[in-house]
Amino acid sequence: MKSPVPKSGEEMVLRTMAGAAQKVEIYEGGDKPSRIWLIGHATKDHFGTYMVLEKPDEGRSSAPFIMGIGGFTGVLNTRFPATVDNWRSSRVYNFHDLHDLASVEVEHVGRPLASYRVENPASGAPKLTDLKGRPLPMDTVLVQASLLPYRIFDYEYIERLMKRSSRDSLLAATPNFIIRTKAREGTEKTMKLWYMAYNGDEGGFDTPRPIHDPMRMFAFVEDSLIVIVQRQYTDLMTQPAMALMP
């Protein structure tokens, strides 16, 4: 606790908190919270946050307090988002140690010659094959580098504003790419990718207008989520097989 709120300002703080505070219940075992905090807005200097404490067996405090964390400068209300998507992990791939990644299959839908599979054995060099398992000529360094984007890959955000009809149309459309990974311990994961239509400015007189958004793509992950991913990573993941050959 940094300080109590001056009596002259209590009414205004409580009135503001009544319309914008977040209720945070803290549980320490059992079905009943040990305490409840109402997290309000920041102080004018942004060095503290207004809060009101409530204890289930004792009731709610009638006075707000200015709270902070020792050694930290800033507001605390941003640490308690009430939006579910802000709490869930955006991680799609998490192979910090690439030895944990057993195989990657990249399907260029409609382009079988561009599709490939990388077998990543626990020891020794990786192997490059087509989707039927037939060996392909490979540059070992390029194939190893193709696995690097899988060390850490997150989506940017979940697409929640898409109309149901648009969502249904997207999922019914043939994806441009399908990526299938298998972890060493057996877990398999599939990610489907679609190009986004370009909605930016028109090009100049001598500049053709792009067909696809150069920055982002749609992806379908976790068998339920349509998310937005950045092409600076997915373009590396979806290189054609020819790019990995000598």
Next on the checklist: Being under 29 Å from the mean Cα position of the chain (by Cα), surrounded by fewer than 15 Cβ atoms within 10 Å (Cβ to Cβ), within 30 Å of Leu161 (Cα to Cα) and not assigned by TED's automatic domain parsing to the domain that holds Asp154 is the requirement here; does Thr16 meet it?
Outcome noted: no
Checklist entry - Looking only at region 176-197, which residues are assigned to a strand (DSSP E or B) and of a type outside the set (A, V, I, L, M)? => result Phe177, Arg180, Thr181, Lys182, Glu188, Lys189, Thr190, Lys192, Trp194, Tyr195
Next on the checklist: Just to be sure before I move on: is Lys55 over 30 Å from the mean Cα position of the chain (by Cα) and loosely packed, with under 15 Cβ neighbours inside 10 Å in the structure I sent?
Outcome noted: yes
Next on the checklist: For region 133-149, check the following and say yes or no: at least one residue is in contact (Cβ under 8 Å) with a residue 24 or more places away in the chain, acidic (Asp, Glu), more than 29 Å from Thr174 (Cα to Cα) and out of contact with any Asp or Glu (no Cβ under 8 Å at 6 or more places or on another chain).
Outcome noted: yes
Checklist entry - Of Ala125, Ala114, Ala102, which residue is loosely packed, with under 15 Cβ neighbours inside 10 Å and either more than 24 Å from Phe220 (Cβ to Cβ) or in contact (Cβ under 8 Å) with a residue 24 or more places away in the chain (or both)? => result Ala125
Checklist entry - Could you say which residue among Val109, Val104, Val92 is β-branched (Val, Ile, Thr) and farther than 30 Å from Ser123 by Cβ? => result Val109
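Here's the yes/no breakdown for (1) in contact (Cβ under 8 Å) with a residue 40 or more places away in the chain; (2) assigned to a loop (DSSP other than H, G, I, E, B):
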{"residue": "Leu161", "(1), (2)": "no, yes"}
{"residue": "Ser169", "(1), (2)": "no, no"}
{"residue": "Thr174", "(1), (2)": "yes, yes"}
{"residue": "Asp201", "(1), (2)": "no, yes"}
{"residue": "Asp206", "(1), (2)": "no, yes"}
Checklist entry - If you go through region 137-153 one residue at a time, do you hit one that is in contact with a Lys or Arg (Cβ under 7 Å, 6 or more places away or on another chain), assigned to a helix (DSSP H, G or I) and within 16 Å of Met237 (Cα to Cα)? => result no
Next on the checklist: Checking Thr181 against (1) within 20 Å of the chain's Cα centre (by Cα); (2) polar (S, T, N, Q); (3) farther than 18 Å from Glu119 by Cβ: exactly one of these is not met. Which one?
Outcome noted: (3)
Item to check | Residue check for Asp206: over 22 Å from Gly133 (Cβ atoms), modelled with pLDDT of 95 or more and acidic (Asp, Glu) | outcome: no
Checklist entry - Taking into account only those residues within region 68-126 that are within 30 Å of Lys2 (Cα to Cα), touching a strand residue (DSSP E or B) at 6+ places or on another chain (Cβ under 8 Å) and aliphatic (A, V, I, L, M), which is modelled with the lowest pLDDT? => result Ala82
Item to check | Restricting region 58-82 to residues that are in a loop (DSSP other than H, G, I, E, B) and hydroxyl-bearing (Ser, Thr, Tyr), the residue that is surrounded by the fewest Cβ atoms within 10 Å (Cβ to Cβ) | outcome: Ser62
Next on the checklist: Being surrounded by fewer than 10 Cβ atoms within 10 Å (Cβ to Cβ) and over 30 Å from Leu193 (Cβ atoms): is that true of Arg35 here?
Outcome noted: no
Checklist outcome for this item: Those residues of region 98-129 which are part of a strand (DSSP E or B), among the aliphatic types (A, V, I, L, M) and closer than 15 Å to Asn176 by Cβ amount to Val106
Next on the checklist: Checking Leu161 against (1) hydrophobic (A, V, I, L, M, F, W, C); (2) in contact with a strand residue (DSSP E or B) (Cβ under 9 Å, 6 or more places away or on another chain); (3) under 26 Å from Trp87 (Cβ atoms): exactly one of these is not met. Which one?
Outcome noted: (2)
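The values are calculated or read from the model by the stated rules, or taken from the named source; none is laboratory data. Remember, predicted model here, so these are calculated numbers, not experimental data. Here the Cβ is made from the backbone with ideal geometry for all residues, glycine too, and neighbour counts use every protein chain on show.
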